[in-house]
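The values are calculated or read from the model by the stated rules, or taken from the named source; none is laboratory data. Keep in mind it's a predicted model, so treat the numbers as computed, not measured. Cβ atoms come from the backbone with ideal geometry, glycine included; neighbour counts cover every protein chain shown. We work out accessible area using only protein heavy atoms, side chains counted, and drop any ligands, DNA or RNA first. Shrake-Rupley method; radii C 1.70, N 1.55, O 1.52, S 1.80 Å.
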Amino acid sequence: MKEGLIIKYFRERAGLTQTQLGEGICSVTHISKIERGQTQYSSEITNLICKRLNIDLTLELEKFDTLEIKLHEWLEAMVKQQNEYIEWIKEDLAQNPYLHFSETKYFHSILLARYQLMHGNFDKGKALLESCQVAWNSLERFERNLLQHIWGIYFLNIHNCKEAISHLKTINPKEYNNHEFYFHLATSSHLMNDKVKAYHYGTLALSYFRATNNFKRILDTETVLLIQMGTNDLCQFEETVKKYHTLIKSCRAHKEEVREMTLWHNLAVEYFAKGFYSEASEVYKKVLDQSDLIPNPSVKLGAIRGYVHSCLNLDQYNRQNLRSLLDDGRRLAEQFQNKTYQFVYYMLDILLEDKDINDYYLFLENTFLPHLHEIGNSTLINLYEKELFHYYRKSSQHEKACRLAAKYFEPLSH
């Protein structure tokens with residue numbers, strides 16, 4: 001089978017017909033059957049064919065056989081986020097002549113989709129995933145699980161947590177030994193404010209990353225687990241802050257600047273959620289300063305939102321500076337087609353320009369919260385529903401306030 005594919009590839013590359021290749025060696029029918037792997041053939045015939053094609057069949061078979069190994073190495077490099085090695089393998093694979101017609105072509109396409117997502121090319125990544133989805137029945141079990149995993153990563157990147165989870169939960173861990181997907185399940189569950197599942201999946205991911213000596217992803221997972229430990233108790237919150245600083249020091253020691261930035265951002269979110277707007281604004285400002293040196297669009301989008309919102313709550317700010325930040329954020333959100341933050345910046349613009357506050361809450365109620373519910377971002381849902389609840393109370397919309405509050409209270413059992 002493999003020998004036939006190799007012979008066919010080089011015959012077509014040489015511009016030869018099956019008749020021309022078999023002349024003086026064997027019949028056209030025999031060449032056809034060899035290429036399709038439908039007949040037995042002697043080494044004498046294959047030697048003559050390869051001599052005419054000027055190829056070393058043993059060497060070509062090695063290239064063919066190492067292709068799947070290389071693809072698994074590429075996947076492992078992506079999981080471990082070894083950026084230089086990722087690029088090296090990508091280029092090495094591009095030199096392999098059998099990449100696009102061997103049985104591993106869909107494996108490669110799915111990994112290429114992940115590569116595109118890593119670089120923010122969501123449309124290209126989605127197109128590759130869709131092309132593989134069409135070939136679902138042709139995929140091996142591992143490839144099907146891999147495809148579901150990368151679909152999960154795609155939807156997580158565009159902040160559609162519900163869709164992310166629907167794909168990730170179909171993965172069979174017995175058929176798919178890349179248990180990194182537990183981390184993406186933990187992250188999606190966190191964004192949907194399901195702390196129990198986020199912690200459960202996070203511990204599974206942490207176990208896998210420790211077993212595979214993946215230090216970078218250990219840090220990522222510990223960050224997610226730390227977020228689940230957030231509490232309203234002030235003493236315990238102080239302990240949480242200490243844990244954040246411990247992880248930040250660990251990142252700094254290993255020169256993990258992007259992860260350090262993410263931790264600072266998450267700490268700022270914790271401060272904001274507790275109503276410590278001064279502390280939140282200081283930490284958000286630190287993240288924004290870091291983002292000028294280390295590009296991280298997703299974190300920068302959140303930091304702009306958090307900094308502007310914190311300053312508006314403090315009522316102490318330079319309007320021109322905040323206007324400039326919002327303009328930067330809007331451009332970034334449009335560039336990455338992030339509708340969530342486009343809505344966020346629209347609402348912050350209303351607050352910054354002292355427009356009719358009713359416009360803010362009408363947009364929040366009728367447009368933004370329905371959007372958040374659609375994509376399943378419960379972290380922002382909780383934040384903004386709390387705002388809406390206080391608005392209902394102040395504006396004497398008691399029935400709406402009660403309906404909203406009822407979501408957060410379990411009915412008493414008798």
Highest-fluctuation residue, Leu364, Leu156, Leu57 considered, GNM on the chain with Cα pairs under 10 Å: Leu57
For the stretch 149-163 and the stretch 215-276, distance of Cα centres in Å: 23
Largest to smallest accessible area among Trp264, Trp74 [probe 1.4 Å]: Trp264, Trp74
Residues His245 and Lys51, FRET efficiency given R0 of 56 Å [Cβ-Cβ distance, rounded to 0.05]: 0.20
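At a temperature of 20 °C and a viscosity of 1.002 mPa s, determine how fast the stretch 209-341 diffuses translationally according to Stokes-Einstein, using the Kirkwood radius over alpha-carbon pairs as Rh; express D in µm²/s, rounded to the nearest whole number.
Numbers: Rh = 15.6 Å.
D, rounded to a whole number, is 137 µm²/s.
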At R0 = 56 Å, FRET efficiency that the Cβ-Cβ distance of Glu44 and Val196 yields, to 0.05: 0.25
Most positive-pole-ward Cα, Ala94, Trp74, Gly37, against dipole of the stretch 23-117 from beta carbon charges: Gly37
Estimated distance in nm for a label pair at Glu12 and Ile357, the labels positioned 7 Å out from Cα along Cα-to-Cβ: 6.9
Relative contact order for the stretch 281-340, counting Cα pairs under 8 Å that sit 6 or more residues apart, in percent: 35
Zone residues, the stretch 164-201, relative to Gln397, backbone N less than 16 Å from point 7 Å out along Cα-to-Cβ: none
Sequence-distant aspartates and glutamates (8 or more away, or on other chains) whose Cα lies within less than 13 Å of Lys2: Glu35, Glu60, Glu62, Asp65, Glu103
Set Lys105/Lys339; Lys124/Lys243; Lys285/Lys355; Lys126/Lys400 screened for pairs whose C-alpha atoms are more than 32 Å apart: Lys105/Lys339; Lys124/Lys243; Lys126/Lys400
Inter-part distance where the stretch 1-66 and the stretch 341-414 are each reduced to a Cα centre, Å: 68
Dimensions (Å) - the stretch 267-363, Cα atoms, principal axes, largest first: 37, 31, 24
Max mean-square fluctuation residue, GNM over the chain, Cα-Cα springs under 10 Å, options Thr17, Thr340, Thr66: Thr17
Relative contact order %, the chain, counting alpha carbon pairs below 8 Å whose residues are six or more apart: 8
Cross-link pairs Lys70/Lys286; Lys33/Lys169; Lys300/Lys386 - those with Cα-Cα distance over 32 Å: Lys70/Lys286; Lys33/Lys169
Charge dipole (debye, nearest 20) of the chain; +1 at Cβ of Lys and Arg, -1 at Cβ of Asp and Glu: 380
Extreme residue, positive dipole direction of the stretch 266-321, given options Val283, Gln316, Ile304 (C-beta unit charges): Ile304
Point-to-point label distance, Glu282-Ala211, nm (Cα→Cβ direction, 7 Å offset): 4.3
Solvent-accessible area of Val196 with every protein chain in place, 1.4 Å probe, in Å² to the nearest 10: 120
The stretch 286-327, dipole about Cα centre (Lys/Arg Cβ +1, Asp/Glu Cβ -1), debye to the nearest 20: 60
The stretch 282-414 - charge dipole about Cα centre, Lys and Arg +1 at Cβ, Asp and Glu -1, debye rounded to 20: 160
Signed unit charges on C-beta, dipole axis of the stretch 186-273, positive-most listed residue Phe215, Ala268, Ala198: Phe215
Projected label distance in nm at Asp289 and Glu374, using a 7 Å step from Cα toward the beta-carbon: 3.9
For the stretch 6-102, alpha-carbon Rg over 2.2 N^0.38 Å: 1.35
Over 42 Å [Cα-Cα, the chain], rounded percent: 29
Descending Cα extents along the principal axes, the stretch 218-279, whole Å: 31, 21, 15
Under 11 Å, Cβ to Cβ, from Tyr41 - net charge with Lys/Arg +1 and Asp/Glu -1: -2
Choice from Met78, Met229, Met118 with maximal GNM fluctuation in the chain (Cα, 10 Å cutoff): Met229
